[in-house]
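> Here's a structure for you.
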Amino acid sequence: NFDTDVEKQFIAAEYDLLLGTFKDYGEMVIQFGYCTLFVAAFPLAPMLALVNNFIEVRVDAWKLCQVYRRPFPMGAEDIGTWYSFLEIMSTLAVITNMALFAFTGSQLNHWSWKERVVFFVVMEHVLLTVKYLIAAIVPDIPENVSDHLEREVYLRSKIVDGVADDVEDEEYE
C-alpha cells in the first residue's frame, strides 16, 4: 500500500540500461532488416513499420514512465555498433531488392538470363553508388546542431574553465 510517487518508483522494476537498450535497438534493427531487405516482395512493409513505430514509441514511453524505475541518464556519442549493422543491412537491401526485381519480377520476362544478370549487376552498382553519394553529401550532424555544440564548448570554456577573452579590455574603454 504505497501512496507517494517516490514509493511507487522505488518498488518498480529496475530498467537494465545495458540489456534494455540492447533489446530496444535489436528490435528496431530486425524490423529495419525485414522492411528494407524484402520491400520489393512486400511493398506495404514500410507503411506497416511506420504504424508499428508510432505505437511502439508510445508503448515504450508508457513502459519507462509507469513500469520501470526512472533510468539513470547516460550520455552516448552515437548508436555504436548498431550503425555498422544498419549500414550492412542497407547495402544488402539494395542487392536483395535488385535481385528480386531482376530475377523474379515479371517486368523482365522477355529478357534472356544473361541480360537479366547484366541488368542486375549494372543497376545494383548504380544504386549503391547513389546510396554512398547521398551518404557523403548529407552531413551526419545538422548545421544547427553543430552550431549549438560549438556554442556549448565556447560557453563551457568561459564559465567552467575560466578562459579569458581574446579581445583586450583597452579597446572598450
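The values are calculated or read from the model by the stated rules, or taken from the named source; none is laboratory data. Remember, it's a predicted structure, so these values are computed and weren't measured experimentally. Heads up, the Cβs are rebuilt from the backbone with ideal geometry, glycines too, and the neighbour counts pull from every protein chain shown. Surface areas here come from the heavy atoms of the whole protein model, side chains and all, with no ligands, DNA or RNA. Shrake-Rupley method; radii C 1.70, N 1.55, O 1.52, S 1.80 Å.
> Restricting attention to the range 18-48, which residues are part of a helix (DSSP H, G or I), of a type in the set (A, V, I, L, M, F, W, C) and over 19 Å from Tyr83 (Cα atoms)?
Ala45, Met47, Leu48
> Turning to a different aspect of this structure: Of the residues Trp82, Trp62, which is surrounded by fewer than 12 Cβ atoms within 10 Å (Cβ to Cβ) and not aliphatic (A, V, I, L, M)?
Trp62 is the lone residue from the list that is surrounded by fewer than 12 Cβ atoms within 10 Å (Cβ to Cβ) and not aliphatic (A, V, I, L, M).
> Please determine whether any residue of the range 85-93 is open to solvent by 80 Å² or more (accessible area, probe 1.4 Å), in a loop (DSSP other than H, G, I, E, B) and on the phi < 0 side of the Ramachandran plot.
Scanning the range 85-93 turns up no residue that is open to solvent by 80 Å² or more (accessible area, probe 1.4 Å), in a loop (DSSP other than H, G, I, E, B) and on the phi < 0 side of the Ramachandran plot.
> Checking the conditions here, which among Phe103, Phe72, Phe119 is without any contact (Cβ under 8 Å) to a residue 60 or more places away in the chain and open to solvent by 100 Å² or more (accessible area, probe 1.4 Å)?
Phe72
> I've got another one for you. Any chance the range 23-30 includes a residue that's open to solvent by 80 Å² or more (accessible area, probe 1.4 Å), under 30 Å from Phe119 (Cβ atoms) and modelled with pLDDT of 85 or more?
For the range 23-30, residues open to solvent by 80 Å² or more (accessible area, probe 1.4 Å), under 30 Å from Phe119 (Cβ atoms) and modelled with pLDDT of 85 or more: absent.
> Another question, then. Name the residue that is farthest from Gly105 (Cα to Cα), counting only residues in the range 32-45 that are open to solvent by less than 70 Å² (accessible area, probe 1.4 Å) and more than 15 Å from the chain's Cα centre (by Cα).
Looking at residues that are open to solvent by less than 70 Å² (accessible area, probe 1.4 Å) and more than 15 Å from the chain's Cα centre (by Cα), I get Ala45.
> Does the range 126-144 contain any residue that is surrounded by 10 or more Cβ atoms within 10 Å (Cβ to Cβ), more than 29 Å from the chain's Cα centre (by Cα) and assigned to a helix (DSSP H, G or I)?
Looking for residues that are surrounded by 10 or more Cβ atoms within 10 Å (Cβ to Cβ), more than 29 Å from the chain's Cα centre (by Cα) and assigned to a helix (DSSP H, G or I), one finds none in the range 126-144, hence no.
> Which one is farthest from the chain's Cα centre (by Cα) among residues in the range 106-116 that are loosely packed, with under 10 Cβ neighbours inside 10 Å and not polar (S, T, N, Q)?
Step by step, filter the range 106-116, then rank; the result is His110.
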